[in-house]
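Q: Below: one structure in structure tokens.
No lab work stands behind these numbers, since they all come straight from the coordinates. This is a predicted model, so every value here is computed, not measured. Counting neighbours? That spans all protein chains shown, and the Cβs are built from the backbone with ideal geometry, glycine included.
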Amino acid sequence: MLEVWIRPNQRALYLGWIVPLGSLLCGGIVLLVGWGAAWQVWAMITAAIFICIAVITGVVLLKMLREPRVAYRDEELWLYLQATQPIRVPIDQVECFFRGQGDGLLRGANGKDTEVATVIIRIAEAAQEWHHREVKPAFGLWCEGYITIRGTWCEPITPELMKRLNQRLVEVQRERKNRLLEARSC
């Protein structure tokens, strides 16, 4: 079973519901106003387009709400940092989590780039095959053995979250090591 370690930014995703709800409302209004009018066919087509936009956007938002940013399963850390499948890193290659600060890729009210809290995941130096991956820039950066997850698109990055991540990392690595020792002794 998938164990969620970092959830997505649900506040931002709920705010995103403005688009599908607005499209649905517009489609409904066009349908009502155009019903029985001379331009009924065009009203139906326009309403259908608005409703399709609402459905597609809604489905994408639901998928994003259900998809964690970081999870653990079967001795792998699952990183949802691209639009497709998660990137699966063997848990024994992960050294630690720490909090950082980085570009949020958003402009503030003053027109300047905003800085956001980040979660940085350190990959073992020896695990060269895991030192670089292409990820969606809005979600983070993966370079030279450091995975930076932007706080813009994940749950609030608090000291409690960081403590929980590192404690759970130690627990799963210890469990893995114990299973390997038991398997060798049999």
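Q: Quick one: among Ile91, Ile53, Ile121, which has the greatest mean-square fluctuation in a GNM of the chain with alpha-carbon springs under 10 angstrom?
A: The residue that fluctuates most here is Ile53.
Q: Counting Lys and Arg as +1 and Asp and Glu as -1, each charge on the Cβ, what is the dipole of the chain about the Cα centre in debye, to the nearest 20?
A: That gives the chain a dipole magnitude of about 320 debye.
Q: For the chain, what does the helix formula give at 222 nm: sum of -39500 (n - 2.57) over DSSP H segments with n ≥ 4, over the residue count, nearest 500 deg cm²/dmol?
A: The helix contribution divided over the chain gives -14000 deg cm²/dmol.
Q: Can you list the chymotrypsin sites (Phe, Trp or Tyr not before Pro) in the stretch 9-103 that are in a DSSP coil and have 13 or fewer other beta carbons within 10 angstrom?
A: Trp35, Trp39
Q: Taking the Cβ of each residue in Arg176, Arg150 as the centre, tally the other Cβ atoms inside 10 Å and list the residues starting with the fewest.
A: Least crowded to most crowded, the residues run Arg176, Arg150.
Q: For the stretch 1-93, which GluC sites (Glu not before Pro) are both in a DSSP coil and crowded by at most 11 other Cβ atoms within 10 Å?
A: Answer by residue number: there is no such site.
Q: Loop-only GluC sites (Glu not before Pro) in the stretch 78-166, please: DSSP not H, G, I, E or B, and at most 14 other Cβ atoms within 10 Å.
A: Loop-located and lightly packed - Glu125, Glu134, Glu144.
Q: Run down the lysines and flag those whose C-alpha is under 21 Å from the C-alpha of Lys63, throwing out any fewer than 8 positions away in its chain.
A: Within reach: Lys136.
Q: To continue, here is another question. Which of Pro20, Pro156, Pro68 moves the most in a Gaussian network model of the chain with Cα springs under 10 Å?
A: Maximum among the listed residues: Pro20.
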